[in-house]
Amino acid sequence: MAVPIQYNIRNLTLRKSATVMTSLGIALTVTTAIFIMALLAGLNAAFKGSGDPLNVLVLRKGATAELSAGGVDRDSLPIMKELPGVARDAQGQGLVSGEDLLVVVLPRNDGTGETNVTVRFLTPTGIAMRPEVKLVAGRWFTPGQREIVVSKSIHSRFAQANIGDSMWIGKGPWNVVGIFDTGGSAHDSEIWGDINQLSSDFDRPTYNSALIRATDPVSADALKNRVSDDQRLKLNGMLETEYWAKQTSSGSPIKFVGTLVAIIMAIGSCFAAMNTMYAAVAYRSREIATLRVIGFSRSSILTSFVFESVLLSLLGAAVGIVLMLPFNGMTTGTNNPVTFSEAVFSLRMTPEVVISAVVFAIVMGLFGGIAPAWHAARREILVALRD
Amino acid sequence: MTLVSFVRKNAFRNKRRSILTLLSIGFSLLLLTVMMTIWRAFFLSDGSAESAQRLIVRHKVSLAQFLPISDRERIRSIPGVKQVVNESWFGGQYKDDKPENFFAQFGTDPQELFLVMTDFHIPPDQLEAWQKDRAGCVADAELAAKHGWKIGDRIPIKGTIFPLNLELTLRGIYTAPQATETLYFNNTYLDEGYARIKGLVGFFGVLADSPTAVPQVAKDIDAAFRNTDRPTKSESEKAFNLDWIAMLGNVKAFILSICAAVVFATLLVSANTMAMSIRERTREVALLKTLGFTRGAVLGLFMSEAVTLASVGGLLGAVGASGIIFLMSHAPGIGLMMGGVKPNVATVVVAILVGATVGALSSFVPAYNASRGNIVDGLRHIG
């Protein structure tokens with residue numbers, strides 16, 4: 001027969017200070033763990049959610065990133081437009097966008113220095129091929145003008161990124177004329193401008209990349225292979241979604257340091273919980289013996305004390321989750337090693353993150369509780385009663 | 001029995017509790033030491049004397065923009081500049097794209113690299129062999145050891161940024177004051193292998209006459225290129241490295257918040273232990289007072305007990321931290337950034353001091369309550 005749960009709850013409320021201090025310690029550990037998991041969840045969401053399943057990204061053979069030197073020759077664009085499976089606009093033109101990427105240095109608006117930001121140069125066709133990108137303020141750039149449009153995150157994180165401001169890119173200033181929102185995709189870390197204007201600035205003979213829109217997901221897959229196999233092109237096609245998903249490696253430094261921090265803190269908290277539980281067991285040794293005399297088995301005593309420890313850590317988890325709630329949705333940035341520039345993302349306390357945090361706390365409680373509970377269950381009744 | 005041994009015996013009388021407390025505080029302070037060490041290496045240390053004498057000159061727009069190699073002679077002519085070397089980031093893959101096989105590769109000028117990197121050492125015969133081989137390269141000693149490279153080995157690097165694969169031969173192994181995870185090859189290979197960047201380089205490493213000359217030299221270089229189509233940004237090697245760290249995100253806030261969480265957790269653990277330990281000894285406290293110990297003496301005894309425990313925890317943490325830091329500096333993917341992070345005496349001392357302070361703070365309330373307790377009630381207490 002199991003010891004009533006009520007017994008454990010009453011005991012936790014009786015030893016208030018020990019309960020509060022131990023669970024607060026666990027709460028701090030849980031908070032740290034959630035913080036790191038939420039960062040990674042946000043980063044993953046930014047990259048995994050990027051790209052359209054209908055879009056095929058084309059790079060030079062051997063290149064792994066849009067920033068790679070050398071790229072797609074201008075002459076190859078007409079060839080791609082005529083490939084079977086390419087979607088067409090109202091005028092019957094194949095939807096293919098030649099694009100260029102530049103990295104510029106911008107000052108952050110919180111005064112913490114400068115960082116690299118990616119500027120994508122494209123045509124209105126390129127914008128139309130990304131229906132998830134919506135204009136939220138101002139207007140799109142006019143082709144042939146030195147105008148740029150910034151993402152919402154760039155707008156909020158950097159100085160000089162308001163409508164009416166101008167930025168020095170290449171050979172002169174470009175005016176900010178609008179702000180777009182991508183709903184958290186990788187384009188959230190970008191600034192967009194007109195490619196033909198850029199070409200005249202930099203005298204670039206090629207595009208960095210090209211984007212082809214397919215009529216349906218099946219032809220997107222076929223297009224990808226067709227581009228890679230076409231002997232005239234010497235290019236490599238990949239699904240846009242796959243390309244972005246690979247860039248989640250940006251999170252690896254955070255993941256490594258974060259996991260290390262969480263594990264070390266968890267070990268520390270385990271020992272603290274163990275200490276509290278040993279004291280709880282020592283304090284109640286006669287009580288435990290009495291329970292045994294009444295007829296509770298060793299295993300139910302063991303279960304009861306492990307449960308109490310888990311309860312303690314669950315309390316900590318609840319406090320930890322509440323402590324982290326205000327940070328949910330906070331925007332931050334890290335280096336994307338593929339583009340050498342900032343990847344903007346927001347902290348996301350997804351249900352998975354919260355569940356993992358609870359599981360993490362339960363594991364801490366189990367580790368902290370098993371030894372003391374074992375100790376409690378193994379004590380000889382007579383010795384304990386005489387204490 | 002002296003008071004010192006009284007404190008020591010009491011601190012460790014419940015062995016299990018003391019050990020658990022020590023471990024708990026130790027792990028927390030371990031993390032604190034690691035964080036402080038990283039902080040110190042990133043933001044406080046000035047690096048080696050040689051590093052303080054160097055600058056990096058790059059295109060003002062960004063590192064991804066190239067500079068013409070001809071700028072090198074113009075930089076050399078600027079007063080205060082001793083040596084200049086060009087470097088270009090190749091960013092290729094060795095074997096595969098796994099993070100453990102990642103290291104930096106730079107195309108550079110073998111004639112002058114080691115004149116600028118004065119704190120790198122290479123046997124003269126190896127340097128000479130490299131200078132004679134256009135497809136030769138030199139690697140950091142630790143990097144060579146990690147991949148098991150020997151002089152004469154072939155090292156193929158697959159180009160990802162450039163449409164060019166390098167077939168390099170290891171001609172020399174150099175040692176640096178801190179592991180660099182870097183391979184240098186002859187830039188002629190890149191220059192001739194990919195026509196589009198002929199005559200262009202990534203950035204320049206500059207050796208100034210003295211560390212004090214660095215700010216002025218940086219200003220003069222930038223002034224010289226201000227009105228060209230390739231304005232430069234010159235900064236000390238240290239500032240350049242900090243830019244990379246800053247790109248990871250708000251590292252300072254991250255470290256500070258973890259430190260705060262850790263110190264607070266330590267405080268809780270220590271306070272909890274002392275409260276438990278003091279409650280158990282209510283009768284003993286009363287007895288001590290009957291023997292003539294003043295309230296102040298009792299307070300002092302209990303607080304010293306906590307301070308002893310927490311300081312030992314701090315020491316344990318600092319020792320453990322050295323191990324973790326060693327592991328981190330050899331971890332795949334982040335080793336490049338952690339190369340300069342080494343444990344030092346100051347952080348160990350700080351960890352112990354933090355431990356001691358936390359011990360004193362956490363034990364004050366329970367110890368004070370115990371010292372104020374009524375003797376008669378205390379003697380009657382059934383614990």
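The values are calculated or read from the model by the stated rules, or taken from the named source; none is laboratory data. None of the values given here were measured: they were computed from a predicted structure. As a convention, Cβ positions derive from the backbone with ideal geometry for all residues, glycine included, and neighbour counts pool all protein chains shown. Only protein heavy atoms, including side chains, enter the accessible area calculation; ligands, DNA and RNA are left aside. Shrake-Rupley method; radii C 1.70, N 1.55, O 1.52, S 1.80 Å.
How about A:Lys234: which lysines have a C-alpha closer than 20 Å to its C-alpha, ignoring those fewer than 8 places off in the same chain?
Once the sequence-local lysines are set aside, what remains near A:Lys234 is A:Lys61, A:Lys81, A:Lys224, B:Lys158.
Give me the net charge for the shell around B:Phe120: Cβ to Cβ below 10 angstrom, other residues only, Lys and Arg +1, Asp and Glu -1.
-3
Going down the table (A:Lys152/B:Lys98; B:Lys82/B:Lys238; A:Lys134/B:Lys233), which pairs top 25 Å between alpha carbons?
A:Lys152/B:Lys98; A:Lys134/B:Lys233
Percent relative contact order of segment B:173-292, based on C-alpha pairs within less than 8 angstrom and at least six residues apart?
9 percent
Roughly how many Å² of B:Ser77 are accessible to a 1.4 Å probe, to the nearest 10?
80 Å²
Local charge sum around B:Lys60 (other residues, Cβ-Cβ under 10 Å, Lys/Arg +1, Asp/Glu -1)?
Overall, the nearby charge balance is +3.
From the residues B:Ala64, B:Val206, B:Gly320, which one has its Cα farthest along the dipole of chain B in the positive direction, the dipole being from +1 and -1 charges on Cβ of Lys/Arg and Asp/Glu about the Cα centre?
With unit charges placed on the Cβ atoms, the residue in question is B:Gly320.
Going toward the positive end of the dipole of segment A:253-387, with +1 on Lys and Arg Cβ and -1 on Asp and Glu Cβ, which of A:Ala377, A:Ala289, A:Ile264 do you reach last?
Farthest towards the positive pole: A:Ala289.
In the full protein assembly as shown, how much of B:Tyr194 is accessible to a 1.4 Å probe, in Å² to the nearest 10?
20 Å²
Can you tell me the FRET efficiency between B:Leu3 and B:Phe264 if r is taken as the Cβ-Cβ distance and R0 is 35 Å, rounded to the nearest 0.05?
After rounding, the FRET efficiency stands at 0.70.
Relative contact order for chain A: what percent, with Cα pairs under 8 Å and sequence separation of 6 or more?
It rounds to 29 percent for chain A.
Taking only C-alpha pairs under 8 Å that are 6+ residues apart, what is the relative contact order of chain B in percent?
Computed over chain B, the figure is 27 percent.
Above 27 angstrom, tally the Cα pairs of segment A:233-387 and express them as a % of all pairs, no decimals.
The share of Cα pairs beyond 27 Å in segment A:233-387 comes to 47 percent.
Arrange the residues A:Phe367, A:Phe271, B:Phe185 by how much accessible surface each exposes, largest first, with a 1.4 angstrom probe.
Greatest to least solvent exposure: A:Phe367, A:Phe271, B:Phe185.
Taking the 0 to 90 degree range and rounding to the nearest ten, how far is the long axis of helix A:16-48 tilted relative to the main principal axis of chain A, both from C-alpha atoms?
Between helix and principal axis, roughly 20 degrees.
Roughly how tilted is helix A:5-14, in degrees to the nearest 10 and between 0 and 90, from the longest Cα axis of chain A?
Between helix and principal axis, roughly 90 degrees.
As an exercise, identify the trypsin sites (Lys or Arg not before Pro) in segment A:199-273 lying in DSSP coil whose Cβ has no more than 14 other Cβ atoms within 10 Å.
Of the trypsin sites (Lys or Arg not before Pro), the ones in loops of segment A:199-273 whose Cβ has at most 14 other Cβ atoms within 10 Å are A:Arg232, A:Lys234.
What are the membrane-span-like helices in chain B by this rule: whole DSSP H runs, Cα extent along the axis at least 27 Å, mean Kyte-Doolittle hydropathy at least 0.0?
Helix filter hits for chain B: B:15-39, B:251-280, B:295-329, B:345-372.
Using the Kirkwood formula over every pair of different C-alpha atoms, what hydrodynamic radius in Å results for segment B:222-296?
Evaluated on segment B:222-296, it is 18.4 Å.
I need the Kirkwood Rh of chain B: take the reciprocal of the average 1/r across all distinct C-alpha pairs and report it in angstrom.
24.6 Å
Explain nothing, just the number: dipole magnitude of chain B about its Cα centre with +1 on each Lys and Arg Cβ and -1 on each Asp and Glu Cβ, in debye rounded to the nearest 20.
2020 debye
Let's test the formula: R0 of 35 Å, r as the Cβ-Cβ distance of A:Leu135 and A:Thr350. What FRET efficiency results, to the nearest 0.05?
Working from the Cβ atoms, E equals 0.80.
If each DSSP helix of 4+ residues adds -39,500 (n - 2.57) and the sum is divided by the residues in the protein assembly as shown, what number results at 222 nm, nearest 500 deg cm²/dmol?
One gets -16500 deg cm²/dmol as the mean residue ellipticity at 222 nm.
Distances longer than 19 Å among the Cα atoms of segment A:139-290: what percent of all pairs is that?
Everything past 19 Å amounts to 74 percent.
Return P(r) of the protein assembly as shown (all Cα-Cα pairs; 20 Å bins starting at 0; whole %; ordered from short to long distances).
Taking every Cα pair in the protein assembly as shown, the percentages come to 15, 39, 29, 15, 3, 0.
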